[in-house]
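Below is one structure, written out as structure tokens; comments come after it.
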Amino acid sequence: MTQNENTIIKFYSAFAKADTATMCECYHENIQFRDPAFGLLKGKEVCEMWKMLIEKSKGNITIEFSKVEADDYLGSAEWIAAYNFSKTNRKVVNIIQAKFHFQDGLIIKHTDEFDLWKWSKQAFGIVGFLLGWTGFFQKKIQQQALLSLKKHQENNL
């Protein structure tokens, strides 16, 4: 097992335990994170996002991961998050493909890919089913996610 595979395992094992401090130890200070819900986040925003998501789950999140692979520079994993979406309390099971770039033994770039329409159908029900595939609705999801993150950061200064 490579050092970078161990870093990915450490990250998701910490996530499964709601241990954001250990998760953030796996990231380079210049981390860049991207996913369909938040878009691009950089630096401290990334750890704040994980803290917010774990806090909003109120301990009701299950994280499973598999297919961990990494060499000296690149890595990947598949992970599944099961939780109740905080705004609607609807059950979501999100299957995510993660890609990583490493620098100095730490994750410097983390990209999560998942089907935002499938997620929105679970999170918003019929509204997500009818509108979740549209660019307009997906942009609204991203705007709300970023607004929630901004509020979380302001409340934790």
Exercise. For the range 63-76, state whether one or more residues are touching a strand residue (DSSP E or B) at 6+ places or on another chain (Cβ under 7 Å), within 29 Å of residue 154 (Cα to Cα) and modelled with pLDDT of 95 or more.
Key: yes
Exercise. Would you kindly identify the helices (runs of 4 or more DSSP H) lying entirely within the range 1-85 that contain at least 3 residues that are among the aliphatic types (A, V, I, L, M)?
Key: 3-16, 44-57
Quiz item: Among the residues of the range 77-87, is there at least one that is among the acidic types (Asp, Glu) and either at pLDDT below 95 or within 19 Å of residue 32 (Cα to Cα) (or both)?
Solution: yes
Quiz prompt | Residue among 68, 93 that alone is within 23 Å of residue 145 (Cβ to Cβ) and of a type outside the set (Gly, Ala, Ser) | solution = 93
Quiz item: Considering only the range 93-127, how many residues are assigned to a strand (DSSP E or B), without any contact (Cβ under 8 Å) to a residue 40 or more places away in the chain and more than 18 Å from residue 23 (Cβ to Cβ)?
Solution: 3
Practice problem: Specify the residue that is surrounded by the fewest Cβ atoms within 10 Å (Cβ to Cβ); the eligible residues are those in the range 109-137 that are under 18 Å from the mean Cα position of the chain (by Cα) and more than 13 Å from residue 93 (Cα to Cα). | Solution: 113
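The values are calculated or read from the model by the stated rules, or taken from the named source; none is laboratory data. This structure is a prediction, so every number in the text was calculated from the model and none was measured. In this analysis, Cβ positions are derived from the backbone assuming ideal geometry, glycine residues included, and neighbour counts consider all displayed protein chains.
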